[in-house]
Amino acid sequence: MIRLLIADDESLLRMAFRMVFEAEPDMEVAGEADDGEQAARLARRLRPDVVLMDVRMPGLDGIEATRRIVRDSPRSRVLILTTFDLDEYAFAGLRAGAAGFLPKNTRPPELLSAIRAVAAGEAALSPRVTRRVLERFAPQMTPGPAERDERLARLTAREYEVLTQVARGLSNAEVAAALRLAEATVKTHLSRVLVKLGLRDRAQVVVFAYESGLVRPAPPL
């Protein structure tokens, strides 16, 4: 059973989400929050599997609440809700540690699929979409030389290659084709990369690559 925490200051929207989730046999709503402070507090107490987080809430906003949940309730994964799929809140949410983001107008089947993916330890969006967000807002980042992050020294040469390919937005199948590996081998290498770098999912791999300077944003046209 996937336990959910809904954080949104609009009560009607929380009610709509609850109706959708409670109709699913593998989901239950553990709690609701109408601001970020309450969301962070309930996440610590209820330990939900997934937190559905609005970003524009009174008081503590969803980005800071995400940062606190990632820090204090590491077993809870956060899905950011945004007005548009490429807005600054999606970017800020990823940097705060969210497992992904979804536009508020996402259809229920896609929303449910994303929640199940996040609960299973996967990212809720493709690395390619993550990279589009980071490319757009990369000027707000201040990456340094990749060599400065000592965690990279923990990787084998092959793991480093897989990290670089994933950070460029390639799927496991595409990485496998590029490096002439079996897809299962790519998955194994990526799992080791996540452990060695202390990252939670593919979305965070892309964020790490940009912040460390491993991947640089494409020059503007």
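The values are calculated or read from the model by the stated rules, or taken from the named source; none is laboratory data. No experiment lies behind these values; they were computed from the predicted model shown. Heads up, the Cβs are rebuilt from the backbone with ideal geometry, glycines too, and the neighbour counts pull from every protein chain shown. Note: areas computed on protein heavy atoms with side chains; ligands, DNA, RNA excluded. Shrake-Rupley method; radii C 1.70, N 1.55, O 1.52, S 1.80 Å.
List the residue pairs whose Cβ atoms are under 8 Å apart, where the first residue sits in region 5-19 and is under 15 Å from Val50 (Cβ atoms), the second is of a type in the set (Lys, Arg), and the two are 6 or more positions apart or on different chains.
Ile6/Arg14; Ile6/Arg18; Asp8/Arg14
If I filter region 81-98 down to residues being modelled with pLDDT under 80 and farther than 22 Å from Glu10 by Cβ, which single residue comes out as least open to solvent (accessible area, probe 1.4 Å)?
Checking each candidate, the answer is Phe91.
Given the condition surrounded by 19 or more Cβ atoms within 10 Å (Cβ to Cβ), at pLDDT below 85 and either in contact with a His (Cβ under 9 Å, 6 or more places away or on another chain) or of a type in the set (S, T, N, Q) (or both), answer yes or no: does some residue in region 208-220 qualify?
So far as region 208-220 goes, yes, one or more of its residues are surrounded by 19 or more Cβ atoms within 10 Å (Cβ to Cβ), at pLDDT below 85 and either in contact with a His (Cβ under 9 Å, 6 or more places away or on another chain) or of a type in the set (S, T, N, Q) (or both).
Can you confirm whether Arg68 is open to solvent by 30 Å² or more (accessible area, probe 1.4 Å), over 14 Å from the mean Cα position of the chain (by Cα), among the basic types (Lys, Arg) and closer than 21 Å to Gly198 by Cα?
So Arg68 fits the description; yes.
Determine the pairs where a residue that is under 17 Å from Val207 (Cβ atoms), located within region 151-177, has a partner that is part of a loop (DSSP other than H, G, I, E, B) and of a type in the set (Val, Ile, Thr) with Cβ atoms under 7 Å apart, the partner being 6 or more residues away or on another chain.
Cβ pairs passing all conditions: Ala167/Val215; Arg168/Val215.
Need the failing condition index for Gly62 against (1) within 18 Å of Pro103 (Cβ to Cβ); (2) surrounded by fewer than 24 Cβ atoms within 10 Å (Cβ to Cβ); (3) among the small types (Gly, Ala, Ser), just the number.
Only one criterion in (1) within 18 Å of Pro103 (Cβ to Cβ); (2) surrounded by fewer than 24 Cβ atoms within 10 Å (Cβ to Cβ); (3) among the small types (Gly, Ala, Ser) is unmet by Gly62, namely (2).
Kindly list the number of the only condition in (1) within 14 Å of the chain's Cα centre (by Cα); (2) without any contact (Cβ under 8 Å) to a residue 24 or more places away in the chain that fails for Glu110.
With respect to (1) within 14 Å of the chain's Cα centre (by Cα); (2) without any contact (Cβ under 8 Å) to a residue 24 or more places away in the chain, Glu110 is out only on (1).
Just one of (1) farther than 26 Å from Gly93 by Cα; (2) among the charged types (D, E, K, R); (3) touching a Gly at 6+ places or on another chain (Cβ under 9 Å) trips up Arg180, so point out which.
Only one criterion is unmet by Arg180, namely (3).
Among the residues of region 99-129, write down those that are aliphatic (A, V, I, L, M), at pLDDT below 85 and outside any loop (DSSP other than H, G, I, E, B).
Leu102, Val129, listed by residue number.
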